[in-house]
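Quick notes on the structure that follows.
The values are calculated or read from the model by the stated rules, or taken from the named source; none is laboratory data. Only a predicted model underlies this, so the values are computations on that prediction, with no experimental measurement involved. Here the Cβ is made from the backbone with ideal geometry for all residues, glycine too, and neighbour counts use every protein chain on show. All accessible areas refer to the heavy atoms of the entire protein, side chains included, with ligands and DNA or RNA removed. Shrake-Rupley method; radii C 1.70, N 1.55, O 1.52, S 1.80 Å.
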Amino acid sequence: MASKTMTKRNVDAMKPGDLLWDGDVLGFGCRYQRRDRVYVLKYRHEAQQRWLSIGKHGSPWTVETARKEAKRLLGLVAAGKDPAHERDASKRDLTVAELCRQYLKEAPGLMLKRRGRPKKASTLAIDHGRVERHIIPLIGRIKANKVTPTIIESLQSRIMNGETKADIKTGKHGRAVVTGGPVAAARVVGLLGGIFSYALDRGIVATNPTRGVVKFDSGKRERYLSPPELARLGDELLQAEARGVNPGAIACIRLLALSGMRRNEALSLRWSDIDFERGLANLSDSKTGAKAVTLGAPALDLLRSLPRMANSPWVFPATKGKGYLLGLPKIWQKIRANAGLDAVRLHDLRHGFASAAVSGGQTLYVAGKLLGHAQARTTERYAHLADDPLRLAANMVAATIQTAMDGPAEVDGTTPTNEVK
């Protein structure tokens, strides 16, 4: 359909499959394909019709900026150039460094295929560090379309062997400690897989070179605190309280153990998030998006016992400023050392909650719901803690047979005999 002058209003009113042409600039239009409205330019070069995508509707491409770009491109066409060919050629010439930086620039608006939402800012910060500290120093100068699985395997080995290790001062009080090893190597390869999938979607590369590459063990650890370890932790928390350690930090550690929440979910908890009547913490944002965390009675009692700071929405407010508590990791390091739990991370309290649920007879489905897992396979790592149903069945059948073989129970002190008459 045509428009006298394309406007944001009629672009927003488009439906999937619609094609809207601008009445002012010949060949400039907007096409609603799949989920996105995309500004396009149709033109002829050397008697051939050509299509060029300008960009998706939304920042930075508005009707006005896209129309301005269409006019610029038509100027190139009038000069005998083919902007689509030149753009394709520039894409094919991207180095890995250029590709990674282009990906990071667009990543805040990219929808993850697995979760249907963009990456969080904290995740993008980690991605940026891996790109700048590992990927670019090792393979940044290679053309993206020349990267092979062999190059990816070599990259992984070089990172594992510590070739990119560094201890860099990043400011007056900041440091960036870059480690090697198999965990770092595997996670860099995982990130590259996403970057090359992005490049494949945009025609920058013909294949994803990370496919088929066997990653090193990603280092996922399931550390569970035993009952004696939990007792030691509880004793140390009481002693820390007596020593005057930040009571909010101690309460947050207790909540992590009692609820299975992630560290930042608990730290950023607001009083308005808690529904005491229904026993829920309604989180507007988390690693897996908005969710409601079901809280048990001990966790609710803990929250009820906490004081509320005037004019602060946070359950665990910072001691200075208006934000929430930020020093928990340092406090935890001291507490775990005093409790003899040096290898235990705050996240292991979440694993402990999960293990208690599964080993206590809860199904993996219920455990996954308690933890807020978006995918069932995430909870499957705890499957080995549940009683094997085949083993339970075997025990039951064998016990039945054993009882029959043992014969009737003794009555009045006599044991009947099985005589054959």
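Things worth noting here:
- Counting only residues that are assigned to a helix (DSSP H, G or I) and under 20 Å from Leu258 (Cα atoms), the range 333-348 holds 5 of them.
- Among residues of the range 4-35, those that are free of Cβ contacts under 8 Å to residues at least 24 places away in the same chain, open to solvent by less than 60 Å² (accessible area, probe 1.4 Å) and among the charged types (D, E, K, R), counted: 1
- Identity of the residue in the range 276-293, in contact (Cβ under 8 Å) with a residue 12 or more places away in the chain and more than 21 Å from the chain's Cα centre (by Cα), that ends up farthest from Phe353 (Cα to Cα): Phe276
- Condition met for Asp217 (closer than 30 Å to Ile152 by Cα, surrounded by fewer than 18 Cβ atoms within 10 Å (Cβ to Cβ) and free of Cβ contacts under 8 Å to residues at least 12 places away in the same chain): no
- Residue ID - modelled with the lowest pLDDT, chosen from residues in the range 342-370 that are surrounded by 17 or more Cβ atoms within 10 Å (Cβ to Cβ) and touching a Lys or Arg at 6+ places or on another chain (Cβ under 7 Å): His351
- Residue, nearest to Arg350 (Cα to Cα), within the range 260-271, restricted to residues that are in a helix (DSSP H, G or I) and open to solvent by 30 Å² or more (accessible area, probe 1.4 Å): Arg263
- Residue selected from the range 233-255 under the condition open to solvent by 30 Å² or more (accessible area, probe 1.4 Å) and among the hydrophobic types (A, V, I, L, M, F, W, C), by the criterion farthest from Ala266 (Cα to Cα): Ala242
- Hits in the range 186-217 (condition: of a type outside the set (A, V, I, L, M), within 15 Å of Ala144 (Cα to Cα) and not in a loop (DSSP other than H, G, I, E, B)): Gly193, Gly194, Phe196, Ser197, Tyr198, Asp201
- Count - residues of the range 1-42 that are in a loop (DSSP other than H, G, I, E, B), closer than 15 Å to Ala70 by Cα and of a type outside the set (S, T, N, Q): 7
- Test result for Leu225, in contact (Cβ under 8 Å) with a residue 60 or more places away in the chain, within 15 Å of Leu349 (Cα to Cα) and crowded, with 18+ Cβ neighbours inside 10 Å: yes
- Matching residues, the range 272-294, being touching a strand residue (DSSP E or B) at 6+ places or on another chain (Cβ under 8 Å) and either assigned to a helix (DSSP H, G or I) or modelled with pLDDT of 85 or more (or both): Asp273, Ile274, Asp275, Gly279, Leu280, Ala281, Asn282
- Qualifying residues in the range 10-34 (those that are of a type in the set (D, E, K, R) and under 38 Å from the mean Cα position of the chain (by Cα)) - the one nearest to Ile54 (Cα to Cα): Arg31
- Tally of residues being surrounded by fewer than 19 Cβ atoms within 10 Å (Cβ to Cβ) and within 28 Å of the chain's Cα centre (by Cα) across the range 318-330: 7
- Residue in the range 36-47 that is closer than 20 Å to Gly203 by Cα, open to solvent by less than 60 Å² (accessible area, probe 1.4 Å) and more than 36 Å from the chain's Cα centre (by Cα) present: yes
- Members of the range 44-59 that are modelled with pLDDT of 85 or more and not in a strand (DSSP E or B): Glu46, Ala47, His57
- Taken together, the criteria place Ala257 among residues that are under 18 Å from Ala354 (Cα atoms), at pLDDT 85 or above and in a helix (DSSP H, G or I).
- Ser53 being polar (S, T, N, Q) and open to solvent by 70 Å² or more (accessible area, probe 1.4 Å): no
- Scanning the range 21-78 for residues that are among the charged types (D, E, K, R) and more than 25 Å from Leu110 (Cα to Cα) yields a count of 8.
- Of Arg101, Arg72, Arg130, Arg87, all but one fail to be closer than 18 Å to Val38 by Cβ, outside any loop (DSSP other than H, G, I, E, B), open to solvent by 30 Å² or more (accessible area, probe 1.4 Å) and modelled with pLDDT of 90 or more; the exception is Arg72.
- Test result for Ala206, open to solvent by 40 Å² or more (accessible area, probe 1.4 Å), touching a strand residue (DSSP E or B) at 6+ places or on another chain (Cβ under 9 Å) and aliphatic (A, V, I, L, M): no
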